[in-house]
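S.K.: Mind having a look at this structure? Questions to follow.
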Amino acid sequence: MVSIEEAQRTILGQITPLETEKVSVFQGLNRVTPEDHIAPWDIPAADNSAMDGYAFSHAALSGGRLRVTGFLPAGEARTVPVPAGEAIRIMTGAPVPPGCDTVVPIEDVAEEGEWISLPAAVTAGAHVRNRGEDIRRGNVVIPAGSLLRPQEIGMLSAMGSTSLAVYRRARVAILSTGDELLEPGSTPAPGKIINSNSYSLAAQVLDAGGDPVLLGIAPDTLAATCGKIQAGLNADILVITGGVSVGDRDFVKAAIEELGGSVTFWKVNMKPGKPLAFAMLEGKPVFALPGNPVAAMVSFELFVRPSLLKAMGHKRVFRPLVRAALQEPAANDGKRPHLVRGIVSVQDDSYKVSTTGDQSSGRLSSLIQGNGLIRLAPGAVHAAGDEVEVLLLDRGFEMGEA
Ligand code: AMP
Ligand code: MG
């Protein structure tokens, strides 16, 4: 048996980033840039007023009264110097004109006709945003490998970009196997169950920014399994579920080998989801995950998602691991590390976690209730209040009632 980390290392060692493509800056959201983005100009481009106020030369100040001789709105620039001892009325964002270095906000002065009286103490340079104080021309503002969030999209736009290169989205083919499976839309006859894994896995692919391709269901024969796997090799990554154990009707491993792949088969030291097979087939990563719905999703989380993210250029590919206070006793009397579905919340600045109850690996409802995986080492016995490690699985940590 190998550890989760060992299996992750071996798999990730074989994943390389896909090609890049050009998209509009806006379409770049949640993608990764392969290039450094360098500022083409200073931001701000000129010293400018941080307030609606009055601009003047601090050195020429005497007495604290100034005559206002001009007006400068945002969007205009003045090249004619403001004479010493005079002020201009200036709006937020307007470039501070020659002859001025200081701004006093409108609300801080007393206005009397064309004169203003300044407050007692005015600091030289106050309320002026300096040229380049945000971004300096020539600096790398967004390094290669960055995830493009809304703020990066804004910064790229501020640097004048309209399009950019990003790693392309991976196409991930998804294949379910099993004679017992029916597609949703029908009521299962005796002995049959509905194929839910294709859809939970496809949703996990979408959620990670990939592009799922549904291959449907392969019946439990070697020929059918080979045929579907072959079709899946048109995608960038192939994910198969079911048929990977040692049952009489488990053909996935044999099918990959039949097609020329050399399969690394692991009994990964984890619960749920012990069996896991991985192969490179025609240069494409092929994952064979367990069929149990919970095991399939948890295995996707641990092995496929990081690989998918790496293929799409991401540098950070693992979910956050936090420490949380258990809200109830929990124990692992098994021999494998147990990834217990947990309900995580943030209270009083710290994470709290309770389990979702029955942990049978067929119970998809445990993942509906849960939003994290508690890692319980073999033999662990925890009392309520103990700190445990939890992998945070989703973004559902927003607070408050709408
Ligand atoms: P297997 O690994 O093929 O023996 O499947 C293990 C268990 O997972 C069986 O109870 C299957 O019926 C169930 N299972 C396999 N594939 C799927 C699927 N696509 N959707 C839902 N359950 C499945
Ligand atoms: Mg099966």
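S.K.: Please give the number of the condition residue 71 fails out of (1) over 18 Å from residue 131 (Cβ atoms); (2) touching an Asp or Glu at 6+ places or on another chain (Cβ under 8 Å).
M.R.: Going through (1) over 18 Å from residue 131 (Cβ atoms); (2) touching an Asp or Glu at 6+ places or on another chain (Cβ under 8 Å) one by one, residue 71 breaks only (2).
S.K.: Picking from 252, 298, which residue would you name as being within 16 Å of ligand 1 (Cβ to nearest atom), over 30 Å from residue 34 (Cα atoms), β-branched (Val, Ile, Thr) and in the same structural domain as residue 9 (by TED's automatic domain parsing)? I'd like the intermediate steps shown before the answer.
M.R.: Details: 298 fails: over 30 Å from residue 34 (Cα atoms).
Unique residue meeting the criteria: 252.
A quick yes/no check of all residues on (1) over 30 Å from residue 388 (Cα atoms); (2) within 15 Å of ligand 2 (Cβ to nearest atom); (3) modelled with pLDDT under 95:
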residue: 244; (1), (2), (3): yes, yes, yes
residue: 252; (1), (2), (3): yes, yes, no
residue: 257; (1), (2), (3): yes, no, no
residue: 282; (1), (2), (3): yes, no, no
residue: 286; (1), (2), (3): yes, no, no
residue: 289; (1), (2), (3): no, yes, no
residue: 297; (1), (2), (3): no, no, no
residue: 317; (1), (2), (3): no, no, no
residue: 325; (1), (2), (3): no, no, no
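S.K.: Follow-up. Name the residue, out of 15, 11, that is open to solvent by less than 30 Å² (accessible area, probe 1.4 Å) and either among the hydroxyl-bearing types (Ser, Thr, Tyr) or assigned to a loop (DSSP other than H, G, I, E, B) (or both).
M.R.: On the way: 11 fails: either among the hydroxyl-bearing types (Ser, Thr, Tyr) or assigned to a loop (DSSP other than H, G, I, E, B) (or both).
After applying the criteria, what remains is 15.
S.K.: Out of all the residues in region 100-110, is one or more among the polar types (S, T, N, Q) and surrounded by fewer than 13 Cβ atoms within 10 Å (Cβ to Cβ)? Quick ask: steps written out before the conclusion?
M.R.: At the first step, the residues of region 100-110 found to be among the polar types (S, T, N, Q) are 102.
From the residues that got through so far, the ones that are surrounded by fewer than 13 Cβ atoms within 10 Å (Cβ to Cβ) too are none.
No, that holds for no residue.
S.K.: Further question: Say whether the condition of being in a loop (DSSP other than H, G, I, E, B) and farther than 30 Å from residue 246 by Cβ is met by at least one residue in region 286-307.
M.R.: Step one: of region 286-307, the residues in a loop (DSSP other than H, G, I, E, B) are 290-292.
Within this subset, residues satisfying the condition of being farther than 30 Å from residue 246 by Cβ are none.
No, there is no match, as no residue in region 286-307 is in a loop (DSSP other than H, G, I, E, B) and farther than 30 Å from residue 246 by Cβ.
S.K.: Could you check region 218-247 and list, in sequence order, the residues that are within 10 Å of ligand 1 (Cβ to nearest atom) and free of Cβ contacts under 8 Å to residues at least 40 places away in the same chain?
M.R.: Once the filter is applied, which keeps residues that are within 10 Å of ligand 1 (Cβ to nearest atom) and free of Cβ contacts under 8 Å to residues at least 40 places away in the same chain, region 218-247 yields 246, 247.
S.K.: Every residue in region 369-397 that is under 16 Å from residue 341 (Cα atoms), open to solvent by 60 Å² or more (accessible area, probe 1.4 Å) and assigned to a strand (DSSP E or B), please.
M.R.: Hits for region 369-397 are 375, 387, 389.
S.K.: Kindly indicate which of 178, 191, 145 is assigned by TED's automatic domain parsing to the domain that holds residue 291 and surrounded by 12 or more Cβ atoms within 10 Å (Cβ to Cβ). It would help to see each step written out before you state the result.
M.R.: Details: 191 fails: surrounded by 12 or more Cβ atoms within 10 Å (Cβ to Cβ); 145 fails: assigned by TED's automatic domain parsing to the domain that holds residue 291.
One residue alone meets the criteria, 178.
S.K.: May I ask you to list pairs of residues, at least six apart or on different chains, whose Cβ atoms are under 7 Å apart, with the first in region 112-135 being in contact (Cβ under 8 Å) with a residue 60 or more places away in the chain and the second being surrounded by fewer than 12 Cβ atoms within 10 Å (Cβ to Cβ)?
M.R.: Sorted first by the residue in region 112-135, then by its partner, the pairs are 116/110.
S.K.: Does any residue in region 154-182 that is more than 23 Å from residue 237 (Cα to Cα) come within less than 8 Å, Cβ to Cβ, of a residue that is within 16 Å of ligand 1 (Cβ to nearest atom) and of a type in the set (D, E, K, R) six or more places away or on a different chain, and which pairs are these?
M.R.: If the second residue must be within 16 Å of ligand 1 (Cβ to nearest atom) and of a type in the set (D, E, K, R), the pairs left are 179/220; 179/249; 180/192; 182/192.
S.K.: Return only the number of the condition from (1) closer than 30 Å to residue 147 by Cα; (2) open to solvent by 40 Å² or more (accessible area, probe 1.4 Å); (3) β-branched (Val, Ile, Thr) that residue 237 does not satisfy.
M.R.: Looking at each condition in turn, residue 237 falls short on (2).
S.K.: Would you kindly identify the strands (runs of 3 or more DSSP E) lying entirely within region 154-221 that contain at least 3 residues that are within 16 Å of ligand 2 (Cβ to nearest atom)? Can you show your working first?
M.R.: Details: elements: 163-167, 171-177, 211-218.
Filter on region 154-221 gives 171-177, 211-218.
The values are calculated or read from the model by the stated rules, or taken from the named source; none is laboratory data. The structure presented is a predicted model; accordingly, all values stated were derived computationally and were not measured. Here the Cβ is made from the backbone with ideal geometry for all residues, glycine too, and neighbour counts use every protein chain on show. Heads up: the accessible areas ignore ligands, DNA and RNA and are worked out on the full protein's heavy atoms, side chains in. Shrake-Rupley method; radii C 1.70, N 1.55, O 1.52, S 1.80 Å.
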